[in-house]
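*Asks:* Mind having a look at this structure? Questions to follow.
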Amino acid sequence: MGNDHRPNAGRSDALPCGPVNHDATQTGGAPGPAVRAEGLGRRYGSGEAAIDALRDVDIQFPRGEFTAVMGPSGSGKSTLLHCLAGLDRPTSGSVTIDGTALSGLSDRDLTVLRRSAIGFIFQSFNLLPMLTARENVALPLRIAGERDSDGRVDAVLADVGLADRAGHKPSELSGGQQQRVAIARALVAEPTVIFADEPTGNLDSASGHEILDLLRRAVDERGRTVVMVTHDPRAASIADRVVMLSDGRVVMDRAGMDADQVYEAVRTLDPA
Ligand SMILES: Nc1ncnc2c1ncn2[C@@H]1O[C@H](COP(=O)(O)OP(=O)(O)O)[C@@H](O)[C@H]1O
Ligand SMILES: [Mg+2]
């Protein structure tokens, strides 16, 4: 699959070197796509009761691109994100992040790679309730044994608009603020790719909009790669590309869609 369908394809990520290829250097990764899946399958259970949540999925996510993943409930969106992020092991096929195949890694090496290369944002925020916002954001660095010598934690908290809430615990923050903490936590280690599974699903539309804006900026200003599951065509339309799943397969993969086009595609593929 080429990159030439993208609205910003003029940047030419396909080139292994050269002045326009800033993405790989920005993310510290190898050339090539940020994420690649080949022949990806995930079967739950066995025999008569087996469910193929993913079937032979081939997909790539170029660096510095924002992809929305859509599809009916049960179509395999979360399973795809979990397999791509190394939170679940596929039953067939391969996932490569930054040129490293996840299947070849020990649990320990997978954990190390996940820490440095992958951020994950959940619908339910998943912050640690006993820690402050600042402590939640600092956690990935602490676990990795890194010092916050350059003030990165406060800088990223300020960037998501929470400088004045850094000392608050999650219970003292609104849902939108909690999700902004989760985004700061995902950004702090400067990962290659950020996966977000319905990040606005628990939020009112104003807070949801702020979250989408932060994810868009993570791509545009920080060169991150974002893969976001959403049910909302308006949310999907801020992405560079929309991928639609149905019954564990990719049934649509299109760049540069506006909200009306996404609505139409959803109606066609999910008439219910
Ligand atoms: N841990 C699991 N055990 C058994 N079946 C599962 C499990 N997780 C997901 N599934 C099934 O796999 C399919 C895809 O689920 P999921 O990836 O959660 O879909 P989506 O996120 O698109 O709603 C569904 O049929 C779901 O019931
Ligand atoms: Mg899901």
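The values are calculated or read from the model by the stated rules, or taken from the named source; none is laboratory data. Keep in mind the model is a prediction, meaning the values are calculated, not measured. No Cβ is skipped: glycine too gets one built from the backbone with ideal geometry, and neighbour counts run over all protein chains shown.
*Asks:* Of everything in region 77-134, what is in contact with a Lys or Arg (Cβ under 9 Å, 6 or more places away or on another chain), away from ligand 1 (no atom under 14 Å from the Cβ) and of a type in the set (Val, Ile, Thr)? Give them in sequence order.
*Replies:* Listed by number, the residues that qualify are Val95, Thr96, Ile97, Ile121, Thr132.
*Asks:* If a residue has to be within 13 Å of ligand 2 (Cβ to nearest atom) and charged (D, E, K, R) to count, how many in region 64-87 make the cut?
*Replies:* Number satisfying all stated conditions: 1.
*Asks:* Looking at (1) at pLDDT 95 or above; (2) within 18 Å of Leu187 (Cα to Cα), which is the only condition Met130 fails?
*Replies:* Evaluating Met130 over (1) at pLDDT 95 or above; (2) within 18 Å of Leu187 (Cα to Cα) leaves (2) as the failure.
*Asks:* Here is a further query. Keeping to region 91-104, report how many residues are farther than 21 Å from Ile121 by Cβ and either hydroxyl-bearing (Ser, Thr, Tyr) or in contact (Cβ under 8 Å) with a residue 12 or more places away in the chain (or both).
*Replies:* Residues of region 91-104 that are farther than 21 Å from Ile121 by Cβ, as a first pass: 91-94, 96, 99-101, 103-104.
Add one more test, that the residue is either hydroxyl-bearing (Ser, Thr, Tyr) or in contact (Cβ under 8 Å) with a residue 12 or more places away in the chain (or both), and what stays is 91-94, 96, 99-100, 103.
So the answer is 8.
*Asks:* Restricting attention to region 231-272, which residues are over 21 Å from Arg36 (Cβ atoms) and in contact with an Asp or Glu (Cβ under 6 Å, 6 or more places away or on another chain)? Give the steps one after another, and end with the answer.
*Replies:* Of the residues in region 231-272, the ones over 21 Å from Arg36 (Cβ atoms) are 231-238, 246-247, 256-272.
Hit for region 231-272 is Ser237, nothing else.
*Asks:* Which of the residues belonging to region 28-86 are out of contact with any helix residue (DSSP H, G or I) (no Cβ under 9 Å at 6 or more places or on another chain) and assigned to a loop (DSSP other than H, G, I, E, B)?
*Replies:* Scanning region 28-86 gives Pro33, Gly45, Ser46, Ala50, Ser73, Gly74, Ser75, Gly76.
*Asks:* Assuming Leu102 fulfils every condition listed in (1) under 28 Å from Ile238 (Cα atoms); (2) surrounded by 15 or more Cβ atoms within 10 Å (Cβ to Cβ); (3) not aromatic (Phe, Trp, Tyr) apart from one, which condition is it?
*Replies:* (1)
*Asks:* From the list Gly64, Gly119, Gly45, pick out the single residue that is surrounded by 19 or more Cβ atoms within 10 Å (Cβ to Cβ) and either out of contact with any Phe, Trp or Tyr (no Cβ under 8 Å at 6 or more places or on another chain) or hydrophobic (A, V, I, L, M, F, W, C) (or both).
*Replies:* That would be Gly64, the only listed residue that is surrounded by 19 or more Cβ atoms within 10 Å (Cβ to Cβ) and either out of contact with any Phe, Trp or Tyr (no Cβ under 8 Å at 6 or more places or on another chain) or hydrophobic (A, V, I, L, M, F, W, C) (or both).
*Asks:* Tell me which residues, restricted to region 199-242, are within 14 Å of ligand 2 (Cβ to nearest atom) and buried (at least 21 other Cβ atoms within 10 Å of the Cβ). Please lay out each step first, then the result.
*Replies:* Taking region 199-242 and keeping what is within 14 Å of ligand 2 (Cβ to nearest atom), we get 199-202, 227-232.
Once the filter is applied, which keeps residues that are within 14 Å of ligand 2 (Cβ to nearest atom) and buried (at least 21 other Cβ atoms within 10 Å of the Cβ), region 199-242 yields Pro199, Thr200, Val227, Met228, Val229, Thr230.
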